[in-house]
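Visitor: Next up is a structure, given as structure tokens.
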Amino acid sequence: MATASAPEPRVVVTADPELDDSNSLIRYLLHSSDFRTEGLIYASSGFHWKGDGTGKKWSVPNREYFRFGLSLCPCTSWRWAPNERFIDDAVETYAKVYPNLRVHDANYPTPDELKSRIRWGNVEFDGDISKDSPGSDLIKSLLLDDVPGPIYLLAWGGLSTIARALKSIEEHYKATPQWQAIYEKVSDKAILSPSGDQDDTYATYIHPNWPNVRSLPIGMGGVALAYGAVATVSAENARYYSADWTTQHISSRGPLGAFYRVWGDGKQMVKGDIFDYFGLSGYSVPQLRSMGYIVWTPPRPKGEFIGEGDTFTYLNLVDNGLLGYDDATQGGCAGHVVRRATPGDTTRPPSAGPNFTPAAQNALAARMAWSVTPTYAGANHEPHVTLRGSSRISAGPGATVRLEAVTSDPDGNAVAVKWWQWKDVETYPGDVRLSDLASHTISIQVPGDAVAGQTIQLVVEATDNGTPTLTRYKRVVVTVAQ
């Protein structure tokens with residue numbers, strides 16, 4: 001749950017009908033108690049667009065319909081089901097389990113609240129920002145309202161709906177005396193979190209015309225959830241993508257689990273889509289190709305994790321204690337901005353840790369369990385961890401800083417702690433010696449070579465012994481004083 005010092009982030013989701021968007025939406029809904037959801041908006045992209053229903057044909061150079069030896073467009077729509085409603089379907093599925101979810105966290109939004117946030121964005125053509133849509137109108141109104149704090153604009157497909165909202169603001173105000181104030185307000189309020197520039201509208205409109213609009217800090221070291229992640233993760237994390245783990249903790253867990261796409265589940269987002277062979281199992285690459293499919297990632301065993309390629313756009317907004325969206329923290333579970341690098345080295349690899357995958361996947365597993373468990377005592381819940389004293393400390397070189405974590409658990413489970421230095425996100429270039437890392441109370445000495453203004457970032461990780469184990473964090477930023 002959000003605290004008084006960290007209000008729930010105001011979030012708008014824009015998504016196209018890609019199966020990994022659908023999976024990311026399920027995790028999002030399971031974490032929706034952490035957000036103030038302002039919009040759930042259908043979007044287009046270079047991979048999916050609806051068409052306008054008039055027979056008008058469209059194409060953009062170098063899209064997938066011109067790759068792999070194909071020449072399939074101009075066409076009236078691309079990879080879009082005639083009666084597409086995956087966002088509505090997901091929210092209706094959420095409604096079936098909402099009574100259970102609310103038992104475990106009273107902050108879950110009602111299904112009616114979420115339904116009232118659903119809009120259609122600029123879905124007709126790839127990258128088209130020529131006219132307003134209900135989705136762009138909603139974003140426009142949010143960016144112009146007087147509610148304090150940012151609006152996080154998640155773009156799981158293209159950014160055309162977001163771009164149209166900004167363009168509409170520009171068209172309405174640019175010739176007025178209010179323009180400079182509106183420009184500054186919107187530039188400060190809008191924070192983008194895109195899954196790439198999937199329709200080129202960031203490059204062609206947003207960045208040239210709104211260069212001061214920021215992006216959520218996301219970079220190295222995040223939880224791997226994209227297509228093909230299972231082939232890239234470490235041996236210790238591979239279990240969280242396996243068919244056994246996915247079946248036990250996700251796909252067998254009631255309505256939301258059944259909605260979640262896994263390899264070999266027999267489903268397709270769009271009937272006849274030659275790029276979507278994920279519902280099939282037991283076929284080799286040559287066999288799939290002989291069936292007319294474009295095999296762009298190798299098939300995997302039945303029941304295994306497919307992907308949530310857009311989840312990273314909001315993982316740093318999840319209320320796990322890291323406050324990954326705060327300007328002072330430079331990231332969290334979705335990755336971080338590297339602050340410490342060897343002088344002159346622009347290719348420094350990320351540190352081996354921290355490993356956020358077990359915590360993120362167990363959090364998903366726990367909330368899936370909540371969705372099918374009607375009693376609070378029947379499931380595990382996150383431990384609580386706080387710091388005795390401030391999380392922002394100023395101390396000079398040679399000073400000793402004492403840190404104390406206080407933990408509890410709503411289920412009465414034991415809570416173990418582990419302290420670590422997050423080297424990549426701090427600006428002090430050396431190592432800091434920590435005392436007993438598994439103790440609730442530790443001491444550090446600010447190194448003598450630390451320079452005023454540098455930061456040292458320390459994290460306490462608190463994990464319970466419930467099933468599945470659940471983790472919460474607190475971060476301490478020590479700023480070196482004169």
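The values are calculated or read from the model by the stated rules, or taken from the named source; none is laboratory data. Only a predicted model underlies this, so the values are computations on that prediction, with no experimental measurement involved. Cβ coordinates were reconstructed from backbone atoms using ideal geometry, including for glycine residues, and neighbour counts include every protein chain displayed. For accessibility, only protein heavy atoms count, side chains too; no ligands or nucleic acids. Shrake-Rupley method; radii C 1.70, N 1.55, O 1.52, S 1.80 Å.
Visitor: Specify the residue that is most open to solvent (accessible area, probe 1.4 Å); the eligible residues are those in the stretch 231-271 that are of a type in the set (A, V, I, L, M) and not in a helix (DSSP H, G or I). Outline the logic, then answer.
Guide: Filtering the stretch 231-271 for residues of a type in the set (A, V, I, L, M) gives 231, 233, 235, 238, 243, 250, 256, 258, 262, 269-270.
Next cut, not in a helix (DSSP H, G or I) only: 233, 235, 262, 269-270.
Details: Val233: 31, Ala235: 98, Val262: 13, Met269: 41, Val270: 18 Å².
Step by step, filter the stretch 231-271, then rank; the result is Ala235.
Visitor: While we're looking at this one, here's another question. Go through the stretch 48-96 and count every residue that is open to solvent by 70 Å² or more (accessible area, probe 1.4 Å) and not small (Gly, Ala, Ser).
Guide: Result for the stretch 48-96: 16.
Visitor: Of the residues Val480, Val432, Val417, Val372, which single one is of a type in the set (Val, Ile, Thr), open to solvent by less than 20 Å² (accessible area, probe 1.4 Å) and in contact with a Gly (Cβ under 8 Å, 6 or more places away or on another chain)?
Guide: Val480 is the lone residue from the list that is of a type in the set (Val, Ile, Thr), open to solvent by less than 20 Å² (accessible area, probe 1.4 Å) and in contact with a Gly (Cβ under 8 Å, 6 or more places away or on another chain).
Visitor: Then there is this: Checking Asp409 against (1) farther than 30 Å from Phe312 by Cβ; (2) open to solvent by 20 Å² or more (accessible area, probe 1.4 Å); (3) not β-branched (Val, Ile, Thr): exactly one of these is not met. Which one?
Guide: Failed condition: (1).
Visitor: Do any residues in the stretch 267-284 that are over 19 Å from Phe47 (Cα atoms) have Cβ atoms under 8 Å from those of residues that are hydroxyl-bearing (Ser, Thr, Tyr) and surrounded by 16 or more Cβ atoms within 10 Å (Cβ to Cβ), where the two are at least six apart or on different chains, and which pairs are they?
Guide: Tyr283/Tyr277
Visitor: Here is a further query. Quick check on the stretch 156-173: of everything there that is outside any helix (DSSP H, G or I) and out of contact with any Phe, Trp or Tyr (no Cβ under 8 Å at 6 or more places or on another chain), which residue is surrounded by the fewest Cβ atoms within 10 Å (Cβ to Cβ)?
Guide: Let us first name the residues in the stretch 156-173 that are outside any helix (DSSP H, G or I), namely 156-159.
Narrowing further to those that are out of contact with any Phe, Trp or Tyr (no Cβ under 8 Å at 6 or more places or on another chain): 156, 158.
On the way: Trp156: 29, Gly158: 33.
If we take residues in the stretch 156-173 being outside any helix (DSSP H, G or I) and out of contact with any Phe, Trp or Tyr (no Cβ under 8 Å at 6 or more places or on another chain), then Trp156 is surrounded by the fewest Cβ atoms within 10 Å (Cβ to Cβ).
Visitor: Of all the residues that make up the stretch 274-294, how many are more than 26 Å from the chain's Cα centre (by Cα) and either open to solvent by less than 20 Å² (accessible area, probe 1.4 Å) or under 26 Å from Lys50 (Cβ atoms) (or both)?
Guide: Here is the first cut: in the stretch 274-294, the residues more than 26 Å from the chain's Cα centre (by Cα) are 274, 280-294.
The next check asks that each one be either open to solvent by less than 20 Å² (accessible area, probe 1.4 Å) or under 26 Å from Lys50 (Cβ atoms) (or both); those that pass are 274, 280, 288, 292-294.
Looking only at that region, the number is 6.
Visitor: Would it be correct to say that Trp210 is open to solvent by 30 Å² or more (accessible area, probe 1.4 Å), more than 30 Å from Tyr277 (Cβ to Cβ) and aromatic (Phe, Trp, Tyr)?
Guide: On the way: open to solvent by 30 Å² or more (accessible area, probe 1.4 Å): no; more than 30 Å from Tyr277 (Cβ to Cβ): yes; aromatic (Phe, Trp, Tyr): yes.
No, not satisfied.
Visitor: Further question on the same structure: Provide a single number: the residues in the stretch 435-474 that are within 21 Å of Phe356 (Cα to Cα), open to solvent by 10 Å² or more (accessible area, probe 1.4 Å), assigned to a strand (DSSP E or B) and out of contact with any helix residue (DSSP H, G or I) (no Cβ under 7 Å at 6 or more places or on another chain).
Guide: The number of residues fulfilling the criteria is 4.
Visitor: Could I ask something else about it? So which residues in the stretch 57-74 are touching a residue at least 24 places away in the same chain (Cβ under 8 Å) and more than 14 Å from Val123 (Cα to Cα)?
Guide: Val60, Arg63, Glu64, Phe68, Leu70
Visitor: Checking Asn122 against (1) open to solvent by 20 Å² or more (accessible area, probe 1.4 Å); (2) assigned to a loop (DSSP other than H, G, I, E, B), which test does it fail?
Guide: The number of the failed condition is (1).
Visitor: While we're on this one: Cβ-Cβ distance below 8 Å, separation of 6 or more or different chains: which pairs start in the stretch 99-123 with a residue that is at negative phi and end on one that is open to solvent by 70 Å² or more (accessible area, probe 1.4 Å) and polar (S, T, N, Q)?
Guide: Listed by first residue and then by second, the contacts come to Val103/Thr375.
Visitor: A further question follows. Among the residues of the stretch 356-371, is there at least one that is modelled with pLDDT under 80 and under 15 Å from Met220 (Cβ atoms)? Step through it out loud before you land on a result.
Guide: So in the stretch 356-371, the residues modelled with pLDDT under 80 come out as none.
No: zero hits.
Visitor: Right, here's the next one. When you scan the stretch 221-230, do you find a residue that is free of Cβ contacts under 8 Å to residues at least 40 places away in the same chain, in a loop (DSSP other than H, G, I, E, B) and under 27 Å from Gly324 (Cα atoms), even just one?
Guide: Looking for residues that are free of Cβ contacts under 8 Å to residues at least 40 places away in the same chain, in a loop (DSSP other than H, G, I, E, B) and under 27 Å from Gly324 (Cα atoms), one finds none in the stretch 221-230, hence no.
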